[in-house]
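Notes follow the structure.
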Amino acid sequence: MKKLFIVANWKMNGNKISNEQLVNYINEKVYENPNIEVIICPPFTYLTQILKLKATRIKVGAQNISESQNGAFTGEISGSMLQDMNIDYVIIGHSERRQMYSDTNTIIAQKFELAHQNNLIPILCVGESLNERKTGQTISVVESQIKSVIESTCIELFTKSIIAYEPVWAIGTGETASSEQAEEVHFNIRSILKEYDLNIATSIPILYGGSVNGANSKDLFTMGNINGGLIGGASLNGEEFVKIYQAAERLTNE
Ligand code: 13P
């Protein structure tokens, strides 16, 4: 039985009241299951609130870290601070950060390394733009995003990491990659990793992200190389998020 990860990326959404309602709802509907890891990634300001509210079976992640360890970097949050707050996971290299905040492959590799130095499990996001897909560059783009991290750090760090394939054209657009399209890229990600380490290539969790919802999650999670979802919009709606979780639950019970 493969383990499935259901990760909520709230992005820059929520407030104290709506967060409390959402987490209380999720607490009620999410059960202890050794084959499913539910992770909530709220904005930094709400990490403490969610840590207090969530049931112990739910984990908490941040959405970003600084590429520097500490020092005069106004407005930044370091990996050591997140470790200090007992955060388990951190999203790194999300396409919104790559596009809007100049997170280059080099910076992403630094963040990836610092996540590990601070005992955070990075969820490394990769994915192509619409234009890159149309021009047949999907695999080469994903390959360079992954290889740049491996080559600036080391493959061993991927033993305790998660990759999320998030095609940029499917994020927040309502247009999901078909399960076959996603599976093809996930398969290729494992092939890229096989050049370095067979064991890591077969065991690393690879999540799909991009307009995942209650209706399409089962088909996606059924694919052999897909180990769950990184969910944006649908994670802000308790019922929809729980439907995604329940799709995973049904698969782990089959
Ligand atoms: P949507 O689920 O809103 O498409 O967002 C996906 C995403 O960016 C998750 O990190």
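Restrict the check to segment 165-173 and report whether at least one residue is within 19 Å of residue 92 (Cα to Cα), within 16 Å of the ligand (Cβ to nearest atom) and of a type in the set (Ser, Thr, Tyr).
There is at least one residue in segment 165-173 that is within 19 Å of residue 92 (Cα to Cα), within 16 Å of the ligand (Cβ to nearest atom) and of a type in the set (Ser, Thr, Tyr).
State the number of residues belonging to segment 76-111 that are within 16 Å of the ligand (Cβ to nearest atom), surrounded by fewer than 18 Cβ atoms within 10 Å (Cβ to Cβ) and not in a loop (DSSP other than H, G, I, E, B). I'd like the intermediate steps shown before the answer.
Taking segment 76-111 as the starting set, the residues that turn out to be within 16 Å of the ligand (Cβ to nearest atom) are 89-101, 103, 108, 111.
Filter again for surrounded by fewer than 18 Cβ atoms within 10 Å (Cβ to Cβ), leaving 99-101.
Filter once more, keeping what is not in a loop (DSSP other than H, G, I, E, B): 99-100.
Total satisfying the criteria: 2.
I'm told residue 23 meets every condition in (1) in contact (Cβ under 8 Å) with a residue 40 or more places away in the chain; (2) surrounded by 15 or more Cβ atoms within 10 Å (Cβ to Cβ) except one. Can you identify the failing condition by its number?
Single failed check for residue 23: (1).
Which ones in segment 193-227 are within 12 Å of the ligand (Cβ to nearest atom) and touching a residue at least 40 places away in the same chain (Cβ under 8 Å)?
Correct list: 207, 208, 209, 210, 211, 216, 220.
Give the number of residues within segment 214-224 that are assigned to a loop (DSSP other than H, G, I, E, B) and surrounded by 19 or more Cβ atoms within 10 Å (Cβ to Cβ).
Our first condition is that a residue be assigned to a loop (DSSP other than H, G, I, E, B); within segment 214-224, this holds for 214-216, 223-224.
Next, from what is left, pick out any that are surrounded by 19 or more Cβ atoms within 10 Å (Cβ to Cβ): 216.
Result for segment 214-224: 1.
I need the full set of residues from segment 227-244 which are buried (at least 24 other Cβ atoms within 10 Å of the Cβ) and in contact with a helix residue (DSSP H, G or I) (Cβ under 9 Å, 6 or more places away or on another chain), in order please.
Of everything in segment 227-244, those that are buried (at least 24 other Cβ atoms within 10 Å of the Cβ) and in contact with a helix residue (DSSP H, G or I) (Cβ under 9 Å, 6 or more places away or on another chain) turn out to be 228, 229, 231, 235, 241, 244.
Checking the condition of a type in the set (D, E, K, R) and under 19 Å from the mean Cα position of the chain (by Cα), which residue from 29, 52, 2 passes?
Selected residue: 2, the only one of 29, 52, 2 that is of a type in the set (D, E, K, R) and under 19 Å from the mean Cα position of the chain (by Cα).
Being part of a strand (DSSP E or B) and of a type in the set (Gly, Ala, Ser) is the filter here; which residues of segment 153-185 pass it?
164
Can you find a residue in segment 157-173 that is under 15 Å from the mean Cα position of the chain (by Cα) and among the charged types (D, E, K, R)?
yes
Do we have residue 136 as at positive phi and surrounded by 15 or more Cβ atoms within 10 Å (Cβ to Cβ) here?
no
Looking at segment 1-55, which of its residues are in a loop (DSSP other than H, G, I, E, B), within 29 Å of residue 225 (Cβ to Cβ), among the hydrophobic types (A, V, I, L, M, F, W, C) and at pLDDT 95 or above?
10, 30
Checking the conditions here, which among 188, 131, 119, 199 is surrounded by fewer than 20 Cβ atoms within 10 Å (Cβ to Cβ) and not in a helix (DSSP H, G or I)?
119
Using beta carbons and a limit of 6 Å, which pairs, at least six apart or on different chains, have the first residue in segment 36-50 and within 29 Å of residue 253 (Cα to Cα) and the second one crowded, with 23+ Cβ neighbours inside 10 Å and polar (S, T, N, Q)?
If the second residue must be crowded, with 23+ Cβ neighbours inside 10 Å and polar (S, T, N, Q), the pairs left are 41/9.
Return yes or no: is residue 177 over 15 Å from the mean Cα position of the chain (by Cα), without any contact (Cβ under 8 Å) to a residue 60 or more places away in the chain, buried (at least 16 other Cβ atoms within 10 Å of the Cβ) and within 16 Å of the ligand (Cβ to nearest atom)?
In short, yes.
Go through 130, 114 for me and flag whichever is within 23 Å of residue 11 (Cα to Cα) and within 16 Å of the ligand (Cβ to nearest atom).
After ruling out the rest, the residue left standing is 130.
In the list 156, 183, which residue meets the criterion of being more than 26 Å from residue 10 (Cβ to Cβ) and surrounded by fewer than 16 Cβ atoms within 10 Å (Cβ to Cβ)?
156
The values are calculated or read from the model by the stated rules, or taken from the named source; none is laboratory data. Bear in mind the structure is a predicted one, so any value in this text is a computation, not a measurement. Positions of Cβ are generated from backbone atoms using ideal geometry, with glycine treated the same way; all protein chains shown enter the neighbour counts.
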